[in-house]
Amino acid sequence: PMPAIRKDFDGQTVMTTFETTPATCFDLLDALEAAFAECISRQPGFVGAALHVNDARTRVVNYSQWAWREDYQAMLRTPEMRE
């Protein structure tokens, strides 16, 4: 279980893994955090998210939860997510 993820939650959990280089890892984290702050966290059904980076700084794992699968799919269709 990740820190921002509810252990007892029974909704839609999404895990996305990004392979990157140490030089671009922090830029990727900044972009993901900005997306959560500006767009994703305001979407209906959003529960929480957590970002994790491995020790080599080459892999970013994004965990997020949504109340319903339909809410997650609707978020992906918003114009902000297509940019």
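The values are calculated or read from the model by the stated rules, or taken from the named source; none is laboratory data. The shown structure was predicted, so the numbers you read here are calculated from the model rather than taken from an experiment. With ideal geometry, Cβ positions are generated from the backbone for all residues, glycine too; neighbour counts draw on all protein chains shown. For the accessible areas, the whole protein counts, side chains as well, though only heavy atoms, and no ligand, DNA or RNA atoms are used. Shrake-Rupley method; radii C 1.70, N 1.55, O 1.52, S 1.80 Å.
Identify, please: which residue in region 10-63 is closer than 18 Å to R77 by Cα and among the hydroxyl-bearing types (S, T, Y) and is, among those, surrounded by the fewest Cβ atoms within 10 Å (Cβ to Cβ)?
Looking at residues that are closer than 18 Å to R77 by Cα and among the hydroxyl-bearing types (S, T, Y), I get T16.
Filter region 40-71 down to residues that are over 19 Å from T13 (Cβ atoms), part of a loop (DSSP other than H, G, I, E, B) and not hydroxyl-bearing (S, T, Y), then give me how many there are.
So the count comes out to 4.
Might you check whether a residue that is at pLDDT 85 or above, of a type in the set (K, R) and out of contact with any Gly (no Cβ under 8 Å at 6 or more places or on another chain) occurs anywhere in region 3-19?
No; the residues of region 3-19 include none that is at pLDDT 85 or above, of a type in the set (K, R) and out of contact with any Gly (no Cβ under 8 Å at 6 or more places or on another chain).
Using the structure shown, decide if A74 is surrounded by 13 or more Cβ atoms within 10 Å (Cβ to Cβ) and at pLDDT 85 or above.
yes
What are the pairs with Cβ atoms under 7 angstrom where one residue, in region 54-83, is under 18 Å from E38 (Cα atoms) and the other, located anywhere, is open to solvent by 80 Å² or more (accessible area, probe 1.4 Å) and among the charged types (D, E, K, R)? Sequence gap at least six, or different chains.
What qualifies is Q65/R6.
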